[in-house]
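Q: Please find one structure pasted underneath; my questions will follow.
The values are calculated or read from the model by the stated rules, or taken from the named source; none is laboratory data. All values derive from a computational prediction rather than experimental measurement. Please note: Cβ atoms are built from the backbone with ideal geometry, for glycine as well, and neighbour counts cover all protein chains shown. For the accessible areas, the whole protein counts, side chains as well, though only heavy atoms, and no ligand, DNA or RNA atoms are used. Shrake-Rupley method; radii C 1.70, N 1.55, O 1.52, S 1.80 Å.
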Amino acid sequence: MTMVEPRVLPFSLRHSVMCERARLLLPEADITVATSFETALPVHLYGRGVLAYYAQHFEPYFKNEFDDPGFAETMARLSYSLPLKIITNSAWLEATISAETGASVHAVAGNAIDDVMYIDKPHVIPEEGPLRVISYGGRGAVWKGFDDMAEGVKRARAQGVEIDWAVYGDCALSPENSVANFRHLGFLGPAQLAAAYRQSQVLLSASWYESFPLFPLEAMASGLAVITTQPGTEAFAEHMRTAWVVPPKDPDALSDALIGLARDRELRHKLGAAAMEEAKRHSWDVATGQMERILLGLI
């Protein structure tokens, strides 16, 4: 598949080439699993054994990330009507696929984090000083809500809250932007990311929609108080128990959450402690065991 991954050909042609490569390369198997709408049709046509589709987001939402949005949306929606056993990574995605397409979902299998990397590591920051906030830049995708986060930070700072905002990964704004400046950490590997979390107090996330995102859960495992949106985080983010949940596209709600956590140390610690315990329920041992049971049940 790496032969057709570079996005130099039109998507429709790339998809045709991918189907042909799948015809030549897919081996004998008891189960063949597609993992995106781009591989669903090749698996349907040329997969061996029981055919399944592990859906990880409602992909019609991302049509504009392709050179031919109309074709991409059509193929994404049609992927759910193929005779594949659909497995989703979240209850939200299960409900969305059913409501949007009428397709039935066979099972839900959640994601996981590397608990050895993140859980029970000591924080290395003092309690005094600015509120230390970390965010994922979202690779510049509009739906990751980076502009909303910047506006939320701006409004919280305008209310007198001192915020040291660090961002890792690519993002939609430059560090010295006119809305809310931040420290850009660049791309971080797992160990570097774990260290960055341990130097933070709050994770700020504002995606318009997610389907079991890992970065809020990683921060929870690191003992951070997490500000996040729904849908898609329902499996681990419960408002005012394991996270501060806000509506998407709402900078005022983001600002209120930042101000609340900056001024209420006890709440910040309470959410962080509950978050760390919740994260232990989403280890790879749990997730792979669940997926194994589902796949073996298909045979």
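Q: With θ set to phi - 60° and the Karplus curve 6.51 cos²θ - 1.76 cosθ + 1.60, what are the ³J(HN,Hα) couplings of the range 219-231 in order, to the nearest whole Hz, using x for Gly and Pro?
A: Working through the residues one at a time gives 5, 4, 5, 8, x, 7, 6, 10, 9, 8, 10, 10, x Hz.
Q: On to the next question. So what is the accessible area of the chain per residue, in Å², with the probe set to 1.4 Å?
A: Here the per-residue accessible area is 46 Å².
Q: Out of Gly138, Gly189, Gly232, any idea which swings most in a Gaussian network model of the chain, alpha carbons joined below 10 Å?
A: With Cα springs under 10 Å in the chain, the top fluctuation among Gly138, Gly189, Gly232 is at Gly189.
Q: Next question. Ignoring any ligand, DNA or RNA, what whole percent of the accessible area of the chain comes from carbon and sulfur when the probe is 1.4 angstrom?
A: Carbon-and-sulfur percentage of accessible area, whole number: 53.
Q: Hey, could you grab the Kirkwood Rh for the range 1-111? Inverse mean 1/r over distinct alpha carbon pairs, Å, one decimal.
A: One over the average 1/r among Cα pairs gives 14.3 Å for the range 1-111.
Q: Could you pull out the GluC sites (Glu not before Pro) across the range 118-183 that fall in loop regions by DSSP (anything but H, G, I, E, B) with no more than 11 other Cβ atoms inside 10 Å?
A: Glu127, Glu128, Glu162, Glu176
Q: Specify the residue with the greatest mean-square fluctuation among Phe182, Phe58, Phe66, computed from a Gaussian network of the chain linking alpha-carbon atoms under 10 Å apart.
A: Evaluated over the chain, the most mobile residue of the options is Phe66.
Q: Also, quick follow-up: Counting Lys +1, Arg +1, Asp -1, Glu -1, what net charge surrounds Ser211 among other residues with beta carbon under 11 Å of its beta carbon?
A: -4
Q: Give the long-range amide H neighbours of Ser207: residues separated by 5 or more places, or on another chain, with amide H under 5 Å away, using H modelled in the peptide plane at 1.01 Å from N.
A: Residues meeting the criterion, in which the H sits 1.01 Å from N, are Thr229.
Q: With θ taken as phi - 60° and the coefficients 6.51, -1.76 and 1.60, list the Karplus ³J(HN,Hα) couplings across the range 15-30 in order, rounded to whole Hz; mark glycine and proline as x.
A: Using θ = phi - 60°, the values come out as 5, 5, 5, 4, 4, 5, 5, 5, 4, 7, 9, 5, x, 4, 7, 7 Hz.
Q: Would you tally the net charge around Pro42, using a Cβ to Cβ cut-off of less than 13 Å, leaving Pro42 out, and scoring K and R as +1, D and E as -1?
A: +2
Q: Based on the Cβ-Cβ distance of Ile31 and Val286, what FRET efficiency does E = 1/(1 + (r/R0)^6) give at R0 = 25 Å, to the nearest 0.05?
A: 0.75
Q: Computed over the Cα atoms of the range 48-96, what is the convex hull's projected area averaged over all directions, in nm²?
A: 3.9 nm²
Q: Still on this model: Springs between alpha-carbon atoms under 10 Å, Gaussian network over the chain: tell me which of Thr233, Thr74, Thr242 tops the mean-square fluctuations.
A: Among Thr233, Thr74, Thr242, the largest mean-square fluctuation in the Gaussian network model of the chain belongs to Thr74.
Q: Amide H to amide H under 5 Å from Val50: which residues, 5+ apart in sequence or cross-chain, H placed 1.01 Å off N in plane?
A: Result for Val50 returns Ile31, Thr32.
Q: Between His239 and Asn177, 0.36 nm times their residue separation minus their Cα-Cα distance comes to what?
A: Fully extending the segment from His239 to Asn177 adds 19.2 nm.
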